[in-house]
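Q: Got a structure for you, questions after.
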There are 2 protein chains.
Amino acid sequence: MSVMWTVRVVGVGLVALSLSVELLGWLRRRLRPGRILNEVIFFPSEMACVEHIFAPSSPYSCVCPLSHGVETSFSRLLRHILSASSSLDLCVFAFSNMNLSRAVLALHSRGVTIRALVDKDYAAINGSQTGVLRKAGICVRYDVGSVYMHHKFAIVDGRLLVTGSLNWTLNAVQSNLENIMVTEEPELLQPFIKEFHRLWLRNNPALHLRSKDQKPGKN
Amino acid sequence: MSVMWTVRVVGVGLVALSLSVELLGWLRRRLRPGRILNEVIFFPSEMACVEHIFAPSSPYSCVCPLSHGVETSFSRLLRHILSASSSLDLCVFAFSNMNLSRAVLALHSRGVTIRALVDKDYAAINGSQTGVLRKAGICVRYDVGSVYMHHKFAIVDGRLLVTGSLNWTLNAVQSNLENIMVTEEPELLQPFIKEFHRLWLRNNPALHLRSKDQKPGKN
């Protein structure tokens, strides 16, 4: 009888254990806090005031004629960029959008480490924000090794990739058909982190100055 | 005693059921054939012959001076496009790359349904392949509702999204820093399918002809 009793206890114990494992696994899959973000945002964006995104504590302070408090494609992009708390790596062909520039400057003033890699030719055109960023003390590098540095991606805190067809210009945001995707998927994020690191090192101006000094013709 | 026996049988049955469910779930997660593809490809691509991709049955037939049998960024892009077996939806700003045009024509001749939506201004420039596609009987539409139709994406068989910064030009492939991502992730793929559908309908020339006919000034 005691054998029977042991079998029963072991049986019930195993049932309870198995059901608990299954239930915990199901709960973990449903409720995991680290559920991977994947989002696609299309442009052109509806035009709306974005002051409340820069100053969320006083959302009704702006009196401009645009709609207020509206969530648009552009406000979603701004929110993702402004979510940076430690670092923002930018690799953008064209950067002339003043609100995106303002967001980057705001992050810089909060102590977020910014690195910006831009196309050397586009950086020289009128309206480019790269001069503004440099004047504020942000480290900007110019790609010198290709015809166009045509990427348009940002890496937020090494955890979030923002990439797509959208250049950081006013036309792209307001007038063109464009897309960006925002993803935490490691298989997509990690190659971009690696590529940024490679391009950042390749375009270190100190390397170019040194290699110029070492040119045989100069010695 | 028979109650005891029933309890034992039910107990063992529940253990077996729970363990089987857990084991099957684990096996499904490990071995699922539909593991989601996520791939990032960077450009410029190494230059190499791509004849073996178009004619895999005779891989050594080409005598051009380029490297042969080399896997490059461009060959990977071509393979993804050529993997279409039922449909290819294209939404590209600039389409002048002759090898990509050749791939699309090859799919068309195999019976794959092609729909191409391009920018109206870029389509008019020298080197654009949209005329070649139209002459072959492929349905091409021109976006008329925005300043630039700046997307650069393709949807293969409604299951695979190819998108990024890369225009379908020779310069983009061979000279620029560019990226594409290739993904089956539904959260990224589905919005692009929906957007293509929306843009395809919006740019139906029959609608524009009809709306022109209905203009008050013409009546």
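The values are calculated or read from the model by the stated rules, or taken from the named source; none is laboratory data. Because the structure is a prediction, the values reported are computed rather than measured. Don't worry about glycine lacking a Cβ; one is built from the backbone with ideal geometry, like all the others, and counts go over all protein chains shown. All accessible areas refer to the heavy atoms of the entire protein, side chains included, with ligands and DNA or RNA removed. Shrake-Rupley method; radii C 1.70, N 1.55, O 1.52, S 1.80 Å.
Q: Are there any helices in chain B, counted as whole DSSP H runs, that stretch 27 Å or more along their axis by Cα and score at least 1.0 on average by Kyte-Doolittle, and if so which?
A: B:2-31
Q: Using 29 Å as the Cα-Cα cut-off, could you pick out the over-long pairs in A:K135/B:K152; A:K135/B:K120; A:K152/B:K120? Please list the in-between numbers first.
A: Values: A:K135/B:K152 34 Å; A:K135/B:K120 39 Å; A:K152/B:K120 23 Å.
From the list (A:K135/B:K152; A:K135/B:K120; A:K152/B:K120), the Cα-Cα distance tops 29 Å for A:K135/B:K152; A:K135/B:K120.
Q: Rounded to the nearest 100 Å², what's the accessible area chains B and A bury against each other, both chains counted, probe 1.4 Å?
A: Chain pair B/A: roughly 4000 Å² of buried accessible area.
Q: Among B:147-159, A:137-149, what's the highest-first ranking by average C-beta atoms within 10 angstrom per residue?
A: Result, highest mean Cβ count within 10 Å first: B:147-159, A:137-149.
Q: A further question follows. Testing the spin-label approximation: label points 7 Å from Cα along Cα→Cβ at B:R202 and B:F54. State their distance in nm.
A: 3.5 nm
Q: Ok, one more. Write down the accessible area per residue of the protein assembly as shown in Å², having rolled a 1.4 Å probe over the full set of protein chains.
A: Values: 22670 Å² over 438 residues.
Ligands and nucleic acids excluded, the figure is 52 Å² per residue.
Q: For B:L27, which inter-copy label distances result when the label point lies 7 Å beyond Cα on the Cα-to-Cβ vector, reported in nm to one decimal and in ascending order?
A: Result, one decimal in nm: 2.8.
Q: Just in the stretch B:24-119: which chymotrypsin sites (Phe, Trp or Tyr not before Pro) are loop by DSSP and have at most 11 other Cβ atoms within 10 Å?
A: For chymotrypsin sites (Phe, Trp or Tyr not before Pro) across the stretch B:24-119 that sit outside H, G, I, E and B with at most 11 neighbouring Cβ atoms in 10 Å, the list reads B:Y60.
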